[in-house]
Each structure stands twice: as structure tokens, then as C-alpha cells.
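The values are calculated or read from the model by the stated rules, or taken from the named source; none is laboratory data. None of these values were measured; they are calculated from a predicted model. Heavy atoms of the whole protein, side chains included, go into the accessibility calculation; ligands, DNA and RNA do not. Shrake-Rupley method; radii C 1.70, N 1.55, O 1.52, S 1.80 Å.
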Amino acid sequence: MMRDISKLPGTELKGQRPRAAHSLRYQNIAGGLASEMVDFLRSTGTRESSPPFRLVILGNHGGVVCECEVGENWEVRNLGPAARLQPSHFPATALLTDGSLLTRTFLSEPPQLAHSGI
């Protein structure tokens, strides 16, 4: 599901050197991930969704690795654990719930990082 995470909204590293995937926390990519999910939903013509969203990511062993709220402009507010990205978490299940309490489920593959020495 994930594209190059360095190009998603909410993942800018403002003045920082790019980080390796193992040093990123889910909260750093949650806004971009939610944005990508909503773009996918819009492209399929399903019912419109709008922020705020609740995003819960389950690692492949079933444990919660991230729980947050994603609001306007894709800003992220932590609501629970926000683990570091680990290869062992993938494939992960992402649950996106909108304001009407409609929950959609996505399968997330390991993120692809830009080829910039990361």
C-alpha cells in the first residue's frame, strides 16, 4: 500500500537529514499514510471521508504499533503507542475510522524509502 514515504504529506523532515526506516516512528508517517488511504478511497468512488480520522496500525502479530488521530492538514496526535517502524511489523493492518465511525481496513507493506542514501 505505501509509496515512497518521503514524498507523502506530513512526512517532511524540516531541516533534518533523512532517517533510515528503522529510526522512523509510525507517528512520523501516520499523516501521510492516512492521506494515501483517503486518496485511494476517493479514486474508488466510495463514500466521501473527511478528517478527523482515527488510525490504528496492527503489526503482523496482531499487536497495536500505532494509535493516533489525524486531523485537518494531516497533523497527527498520538493516542497510544507509537513504535518505531520494524520490518517484523509487516505486512501490517491499518484501520482508518472517520467521523461517521465507518472503519476501513488496509494492508500495508513495508515502506519504500527514497534512494537518497537512506
If amide hydrogens are placed 1.01 Å from N in the peptide plane, which non-local residues have theirs closer than 5 Å to the one on Val65?
Ile57, Leu58, Gly59
Distant-in-sequence amide H partners of Arg25 (H built 1.01 Å from N, under 5 Å)
Leu85
Note down the relative contact order for region 31-92 as a percent, whole number, built from C-alpha pairs under 8 angstrom at least six residues apart.
30 percent
Could you work out how much longer the chain between Asn60 and Leu102 gets when fully extended? Use 0.36 nm per residue separation minus the Cα distance between them, nm to one decimal.
12.9 nm
In sequence order, calculated HN-Hα J values of region 56-63 (Karplus, 6.51, -1.76, 1.60; Hz; x Gly/Pro):
10, 10, 9, x, 5, 9, x, x
Which of Ser100, Ser35 is most accessible, then next, and so on - probe 1.4 Å
Ser100, Ser35
Here region 29-34 yields Karplus 3J(HN,Hα) values (6.51, -1.76, 1.60; θ = phi - 60°; whole Hz; Gly and Pro given as x) of 10, 4, x, x, 5, 4
